[in-house]
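All remarks here apply to the structure that follows.
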Amino acid sequence: MNESENIELGELIIAITKGNTDAIGEIFKRCGKAMKAVAKAYLRSDADAEDVVQDCLITIVTKANKFRENKNAKSWINTIVMNAAKNKIGYYRRRGESDLEVARGIGAELDENGLIVSEIFSQLTAKEKSLVIYKYWYKCTVAEMAAIMRRSKSTIQYQLNKLEEKLKIFYKK
């Protein structure tokens, strides 16, 4: 990546802080393959590397306001990817190798609970699915979700409460 591309990448990161929702997509388009390659250097599976890239895109959005304009954007993104990959390795080590093998097998076959979750998820709106993904998959805090979705924390908390009520009703059926 040459100097002008790096400057443009930095401008995209700054654009995120100004509310440009297309900027993260452009960052992924420009850096996605490189991000995956960095993650893959630490992790064995493509699926784990892709998960790290997705986590990093969320981190870029939530931490864009900490990016300094004169800093090397590519280096900043690579640092995020390396740290996320190392965190994933630590996560797997804490749970043992057998948990890693089980985690990689998720989705191969759905048990009864998996079928219930899949059915419930298919009945949610796009906004509700986003809330579920950010809250339970990415483990985002309300503040992080508010920053990502450009809503107030109270709005996100209200939407989460309504969603949880809806999920309880679905689950009782």
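Has segment 15-30 got at least one residue that is of a type outside the set (A, V, I, L, M, F, W, C), outside the structural domain of Met149 (by TED's automatic domain parsing), in contact (Cβ under 8 Å) with a residue 40 or more places away in the chain and surrounded by 13 or more Cβ atoms within 10 Å (Cβ to Cβ)?
Checked against the condition, which is being of a type outside the set (A, V, I, L, M, F, W, C), outside the structural domain of Met149 (by TED's automatic domain parsing), in contact (Cβ under 8 Å) with a residue 40 or more places away in the chain and surrounded by 13 or more Cβ atoms within 10 Å (Cβ to Cβ), segment 15-30 yields at least one hit.
For segment 38-75, what are the residues that are hydrophobic (A, V, I, L, M, F, W, C), more than 17 Å from the chain's Cα centre (by Cα) and part of a helix (DSSP H, G or I)?
Ala41, Ala73
If you check every pair at least six apart or on different chains, which have Cβ atoms under 6 Å apart with a residue in segment 36-53 that is more than 21 Å from Lys139 (Cβ to Cβ) first and a residue that is part of a helix (DSSP H, G or I) second?
Pairs found: Lys36/Ala49; Lys36/Val53; Val38/Asn78; Val38/Val81; Lys40/Ala49.
What number of residues within segment 141-155 are under 20 Å from Asp55 (Cα atoms) and assigned to a helix (DSSP H, G or I)?
8
Considering each of Glu69, Glu26, Glu112 in turn, give the residue that is at pLDDT below 90 and within 22 Å of Ala147 (Cα to Cα).
Glu69
Find the residue count for segment 23-42, including only residues that are closer than 17 Å to Thr59 by Cβ and basic (Lys, Arg).
Result for segment 23-42: 2.
Cβ-Cβ distance below 8 Å, separation of 6 or more or different chains: which pairs start in segment 54-71 with a residue that is under 20 Å from Asn87 (Cα atoms) and in contact (Cβ under 8 Å) with a residue 24 or more places away in the chain and end on one that is among the polar types (S, T, N, Q) and crowded, with 19+ Cβ neighbours inside 10 Å?
No pair meets every condition.
Every residue in segment 32-79 that is of a type in the set (Asp, Glu) and crowded, with 17+ Cβ neighbours inside 10 Å, please.
Asp48, Asp51, Asp55
The values are calculated or read from the model by the stated rules, or taken from the named source; none is laboratory data. The shown structure was predicted, so the numbers you read here are calculated from the model rather than taken from an experiment. We place every Cβ from the backbone using ideal geometry, glycine too, and count neighbours over all the protein chains shown.
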